[in-house]
Every structure is written in structure tokens, then in C-alpha cells.
Amino acid sequence: MTKKLVKTLLVALACVLIASNNVYASQSPQENAKKLIVQTAKKLGVDPYIALSIAKIESNFNSSVKSRAGAIGLYQLTPSTAQKLGVNPYIVSENIEGGLKYYQMLYKKYGTMELALAAYNAGPGNVAKYKGVPPFTATKNFISNIKKEYNTFKADKTTQNYVSDML
């Protein structure tokens, strides 16, 4: 065989191996993100429906989104929060893990989903300052929207199926 033919065959073989190892190759990036979110949530012991709801509201499952304030990815992690959590917010799996660990930490600290979400959105300092949900419209809307998405995901048969499939 010629060098060119060998090189072509090696490239083709590498492509086949990469494609066969990517179990989500035929799915949209958003569906891949949802499945990775559910897997990570289950691994960390976080309710998968709240995990999906936060990502839906924060980024609409768009891993390349960046806010004007500099928050990055699916869970809109700020660089300082990502650094404290030891994750790279530009790597999808790390952004998910960081976002869920952050929510989990806040939930353990405050004891309720509402206060954890308030702290996630407005910062723990504001929850402490106001001794509860801060009076910010954006934070109140964030909590309300998360709760709506949570109920929508819990009622959705497709979501229920892949949450239960990943047990």
C-alpha cells in the first residue's frame, strides 16, 4: 500500500472509533447536556429535576452562553465561583458538576430549595443580609421560573423516562 492510502485508512479508522465511542453522537447538544445533567445529578445525590430546571433557566441548555457579567456555560458559573469549586466552567462536564455542587452546597446551608435558589441567583451574602429571599425582582422571577420548570420536567413523560433509565 502507498503511504497516502495507509494514511487515509488510519484517518477513517480513527473516525469510526471516535464515533463508536460517542454514545450521544446522533443527539443534539441540548439532549446530550440533559442526559449528562441527569447522570451528574444522580451521582451527586441532587434531584435531577431541579438540576434540569436550573440549567434550563440559566442557559436553555446552551453550553456556550456567556452573560454580560461574565457567567459561563450551562450553569452560568462566574469565574470566581468556578475557581472556588475547582472546575473549569468552559468544560461542559465540569460546568455541570460545579453548578450542581454549588446548588447542593447552598441547599445544605439553607435547608430549602427556595433559599438555595435565591443564594444561587443573588449570592449567599444577599440571602444573609435580607435573612431570606432578597427583594430583587430578578431573584423572585428566577425562583418562580425554576419552580415552573421543575413541575414541567416532573410531569413530562420523556424526561421521566430518561431520568428513570439512568437509575
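The values are calculated or read from the model by the stated rules, or taken from the named source; none is laboratory data. This is a predicted model, so every value here is computed, not measured. Quick reminder, even Gly has a Cβ in these numbers, built from the backbone with ideal geometry, and neighbours come from all protein chains shown.
Being out of contact with any His (no Cβ under 9 Å at 6 or more places or on another chain), of a type in the set (S, T, N, Q) and loosely packed, with under 14 Cβ neighbours inside 10 Å is the requirement here; does Ser59 meet it? First the steps, then the outcome.
Numbers: out of contact with any His (no Cβ under 9 Å at 6 or more places or on another chain): yes; of a type in the set (S, T, N, Q): yes; loosely packed, with under 14 Cβ neighbours inside 10 Å: no.
Here the answer is no, as Ser59 does not meet what is asked.
Just one of the listed residues (Ile57, Ile50, Ile37) is part of a helix (DSSP H, G or I), modelled with pLDDT of 95 or more and more than 19 Å from Ser144 (Cα to Cα), and it is Ile37.
Restricting attention to region 123-167, the residues that are among the hydrophobic types (A, V, I, L, M, F, W, C) and either free of Cβ contacts under 8 Å to residues at least 12 places away in the same chain or more than 27 Å from Lys35 (Cβ to Cβ) (or both) total 6.
Would you be able to say whether some residue in region 119-135 is charged (D, E, K, R), assigned to a helix (DSSP H, G or I) and under 18 Å from the mean Cα position of the chain (by Cα)? Looking for residues that are charged (D, E, K, R), assigned to a helix (DSSP H, G or I) and under 18 Å from the mean Cα position of the chain (by Cα), one finds none in region 119-135, hence no.
Looking at the structure I just gave you, is Ser93 over 17 Å from Lys42 (Cα atoms) and out of contact with any Cys (no Cβ under 6 Å at 6 or more places or on another chain)? Talk me through it step by step, then tell me what you get.
Values: over 17 Å from Lys42 (Cα atoms): no; out of contact with any Cys (no Cβ under 6 Å at 6 or more places or on another chain): yes.
So Ser93 does not fit the description; no.
Taking region 73-91 as the range and being among the hydrophobic types (A, V, I, L, M, F, W, C) and touching a helix residue (DSSP H, G or I) at 6+ places or on another chain (Cβ under 7 Å) as the test, the residues that pass are Leu74, Leu77, Ala82, Leu85, Val87.
Looking at region 72-83 only, could you name the residues that are in contact (Cβ under 8 Å) with a residue 12 or more places away in the chain and either under 12 Å from Ala51 (Cβ atoms) or part of a helix (DSSP H, G or I) (or both)? Don't jump to the end; show me each part of the working.
So the first thing to find is which residues in region 72-83 are in contact (Cβ under 8 Å) with a residue 12 or more places away in the chain, and the list is 72-77, 81-82.
Matches in region 72-83: Leu74, Tyr75, Thr81, Ala82.
Every condition in (1) surrounded by fewer than 21 Cβ atoms within 10 Å (Cβ to Cβ); (2) within 12 Å of the chain's Cα centre (by Cα) holds for Lys66 except the one numbered (2). With respect to the conditions (1) surrounded by 19 or more Cβ atoms within 10 Å (Cβ to Cβ); (2) among the charged types (D, E, K, R); (3) more than 19 Å from Thr40 (Cβ to Cβ), Lys140 lacks only one, and its number is (1).
Take the conditions part of a helix (DSSP H, G or I), of a type outside the set (Val, Ile, Thr) and either closer than 19 Å to Pro124 by Cβ or in contact with a Gly (Cβ under 9 Å, 6 or more places away or on another chain) (or both) and apply them to Tyr103. Does it pass? So Tyr103 fits the description; yes. Within region 84-98, the residues that satisfy the criterion of being in contact with a Ser or Thr (Cβ under 9 Å, 6 or more places away or on another chain), surrounded by 17 or more Cβ atoms within 10 Å (Cβ to Cβ) and in a helix (DSSP H, G or I) are Val92, Asn95, Ile96, Glu97, Gly98. Applying the condition of being buried (at least 17 other Cβ atoms within 10 Å of the Cβ) and under 15 Å from Phe153 (Cβ atoms) to region 36-46 and asking which residue is farthest from the chain's Cα centre (by Cα) yields Val46.
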